[in-house]
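The values are calculated or read from the model by the stated rules, or taken from the named source; none is laboratory data. Computed from a predicted structure; not experimentally measured. Cβ: placed from backbone, ideal geometry, glycine included. Neighbour counts: every protein chain shown.
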Amino acid sequence: MRKRIVAAALWAAMMACAGKPAQAREMVPFGAGVQPGTIVVKTGERRLYLVLGDGRALRYPVAVGQPDKQWFGWSAVDGKYVNPAWSPPDVVKRDNPRLPDLIPGGSPRNPMGVRALTLTGGEYAIHGTNNPKSIGRFASYGCIRMFNEDIVDLFERVGVGTPVVVIR
């Protein structure tokens, strides 16, 4: 009888947590020698850090570029978009010719998710996703994907001009 009660309590606890979104972001120690407010993406870790200063950063899990589609270096946020539309770049369209030329913002088929931070240079963005299972993987064509709840959080914390550095 005791085993049934324990099993029932465990089942109830699991069901209570099943519908709650995971808190993916966390405060961590960070000392990379960059200015507070900088976004640092470590592709090898598949993590994005928003450097806060005082040796701390907010860390978010991300999806990064596939090994042959990664980029590294400095950039900056040059645009902020809510429910962005998406036009597949030529390289994506070549690999997936059946994609439409434009997927409207807010569409469940839109891979940009609910927010996007475009980066200088015009090719890449830090954005949400319609495929949360890709987070933590080498999955994109170079963009940085985040859980939608995490890109909303980051979107509110940064502005146009925020420096971004992508490292291994």
Quiz item: Which residues, taken from region 25-58, are of a type in the set (Asp, Glu) and farther than 17 Å from Phe147 by Cα?
Solution: Asp54
Quiz prompt | Qualifying residue in region 101-122 (condition: in contact (Cβ under 8 Å) with a residue 60 or more places away in the chain, crowded, with 19+ Cβ neighbours inside 10 Å and within 11 Å of the chain's Cα centre (by Cα)) | solution = no
Practice problem: Take region 150-168 and flag every residue that is surrounded by fewer than 16 Cβ atoms within 10 Å (Cβ to Cβ) and either in contact (Cβ under 8 Å) with a residue 40 or more places away in the chain or assigned to a loop (DSSP other than H, G, I, E, B) (or both). | Solution: Arg157, Gly159, Val160, Gly161, Ile167, Arg168
Self-check item: Any hit, region 88-95, residues being buried (at least 16 other Cβ atoms within 10 Å of the Cβ) and at pLDDT 95 or above
Solution: no
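Each row is one residue, and each column tells you yes or no for (1) of a type in the set (S, T, N, Q); (2) under 19 Å from Thr43 (Cα atoms); (3) part of a loop (DSSP other than H, G, I, E, B).
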site: Leu99; (1), (2), (3): no, no, yes
site: Ser107; (1), (2), (3): yes, no, yes
site: Pro111; (1), (2), (3): no, no, yes
site: Gly122; (1), (2), (3): no, no, yes
site: Asn130; (1), (2), (3): yes, no, yes
site: Lys133; (1), (2), (3): no, yes, no
site: Gly142; (1), (2), (3): no, yes, yes
Practice problem: Within region 36-54, track down each residue that is part of a loop (DSSP other than H, G, I, E, B) and modelled with pLDDT of 95 or more. | Solution: Pro36, Gly37, Thr38, Thr43, Gly44, Glu45, Arg46
Quiz item: Just to be sure, is Tyr60 touching an Asp or Glu at 6+ places or on another chain (Cβ under 7 Å) and either closer than 22 Å to Glu156 by Cα or of a type in the set (A, V, I, L, M) (or both)?
Solution: yes
Practice problem: Among the numbered conditions (1) under 23 Å from Val40 (Cα atoms); (2) crowded, with 17+ Cβ neighbours inside 10 Å, tell me where Gln66 comes up short. | Solution: (2)
Quiz item: Would it be correct to say that Asp78 is of a type in the set (Asp, Glu), more than 14 Å from the chain's Cα centre (by Cα) and modelled with pLDDT under 95?
Solution: no
Exercise. Determine which single condition Lys80 fails, assuming it passes every other condition in (1) in contact with a Leu (Cβ under 7 Å, 6 or more places away or on another chain); (2) loosely packed, with under 14 Cβ neighbours inside 10 Å; (3) over 15 Å from Gly37 (Cα atoms).
Key: (2)
Exercise. Among the residues of region 110-128, count how many are out of contact with any Gly (no Cβ under 8 Å at 6 or more places or on another chain) and under 11 Å from Ile144 (Cβ atoms).
Key: 3
